[in-house]
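Structure first, then comments.
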Amino acid sequence: MPARSRAKLDEFLDQWDRLGARGWYRHWLDELAALREDFGWVVGCPGSEIALAPNVSVALASVASALDPGQRGAGTATRNRVITTALDFPTLGHQWLARAPLGVEVVVLPSPDGLSVPLSSFEAAVDERTLLVATGHVYFTTGAVQDLAGLAGICHDSGALLLVDAYQATGLIPTDVAALGVDIYVSGTLKWLFGGPGNAFLWLRPELRESLSPTTTGWFSSARQFDFDVGDLDFAADGRKFEMGTPAVPSSFIARGGISLVREIGVEAIHQRTIDLGAHLIALADAAGLPVRAVRDDTERGGIVAIEAAEPARIVTALAAEGFVVDFRPGIVRFSPAFYNTEQEVADAVSVVSRLLEGSL
């Protein structure tokens, strides 16, 4: 946790203690506006185009409520199909599986190599029945970076939308969201923004945002929210149109602390350092004979390197006992070395894993 995140939380607590509810008008609304600007900076758009959310699931629910799975595609085809992949985070599938009673059909594309899904698979699956493709910028288990421009072209050629979960990219991959050609971009602060849980954001292509109206909403989406008019719903003209209820202000303060660190160092510098550490980890793991599951091309890998293990939870627990904080997913131990880690720390972690897998530790 960045020390500045703790300082930001203390700042909130002091304001709450001194001002009570007056904190909303004296500080907190400004803090939320500043958080939108922070998110905009990270993805290269104005802060006014950002909608705040407590997590990606809520952001997706807002978007899903605005889409019509019964709309017509080319000819008489119904656009009710949502395409995701076996490598994507479950939220991307679950959000649409829950809408099966509304006629949504979810298609899950397999990965031929367990690392990525080729554009050719999307090209074969996307057609006039496709409402949208929902997939990650960087896959959360393998760290593979997707060709979003190529994927956007495939979607748009068939009249489908492209929704991207950027949780494993934001703060790590330099991003100009409009230039990517995507339609919907969601992410949050828990990973590479070092901002903890409780904050996410949503961006929609401005023309798309103007054409959609969410049916799952809250009072922060109102253009005149402080009129407190229960009989009037006039959506905000900017990104707030897709916001929900009262934000969690303490976590917003914490998030701004983490993002300020990213802004100070720069995404480009963080990206280069993280990729170099990942390459170092791969080289050491290869030399130790460990079963690495990772993209070898530095230009196509995010911040994740995985090592296969029959009992990954046990390995993670043992690593924690040695002072290394990593994570596991089915069949793998997931490493995400950050810019502040050292080459020696990476080497020591690989050594511990090697001894664990060979049974000498």
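Using θ = phi - 60° in the Karplus curve 6.51 cos²θ - 1.76 cosθ + 1.60, the 3J(HN,Hα) couplings for region 333-339 round to 9, 9, 9, 9, x, 9, 4 Hz; x is entered for Gly and Pro.
Work out the length of the dipole vector of region 266-358 about its Cα centre, built from +1 on the beta-carbon of each Lys and Arg and -1 on the beta-carbon of each Asp and Glu, and round it to the nearest 20 debye.
Using Cβ point charges on Lys, Arg, Asp and Glu, region 266-358 gives about 240 debye.
Across the options 177, 91, 226, the greatest Cα extent toward the positive end of the charge dipole of the chain (unit charges at beta carbon of Lys, Arg, Asp, Glu) belongs to 226. Taking amide H atoms as placed 1.01 Å from N in the peptide plane, the amide H of residue 187 lies under 5 Å from those of 166, 201, each 5 or more residues away in sequence or on another chain.
Taken over the chain, the percentage of Cα pairs per 20 Å bin, counting from 0 up to the bin with the maximum distance, is 28, 55, 17, 0.
Explain nothing, just the number: dipole magnitude of the chain about its Cα centre with +1 on each Lys and Arg Cβ and -1 on each Asp and Glu Cβ, in debye rounded to the nearest 20.
I would put it at about 580 debye.
Taking all Cα pairs closer than 8 Å and separated by 6 or more residues, the relative contact order of region 3-264 comes to 25 percent.
Extents of region 266-358, taken as max minus min of Cα coordinates on every principal axis and listed largest first, are 36, 24, 23 Å. In the chain, a dipole from Cβ-located charges (positive for Lys and Arg, negative for Asp and Glu) runs towards its positive end, and of 321, 289, 208 it is 321 whose Cα lies farthest in that direction.
For the chain, complete DSSP H runs whose alpha carbons reach 20 Å or more along their own long axis and whose mean Kyte-Doolittle score is -0.5 or higher are 29-43, 249-265, 267-287, 343-358. Taking 329, 26, 129 as the candidate residues, the one with maximal mean-square fluctuation in a Gaussian network model of the chain, Cα springs under 10 Å, is 26.
All of the numbers you see were taken from the coordinates with simple rules; none came from a lab. Small disclaimer: the values here were computed from a predicted structure and weren't measured. Every residue, glycine as well, gets a Cβ built from its backbone with ideal geometry; the counts of neighbours run over all protein chains shown.
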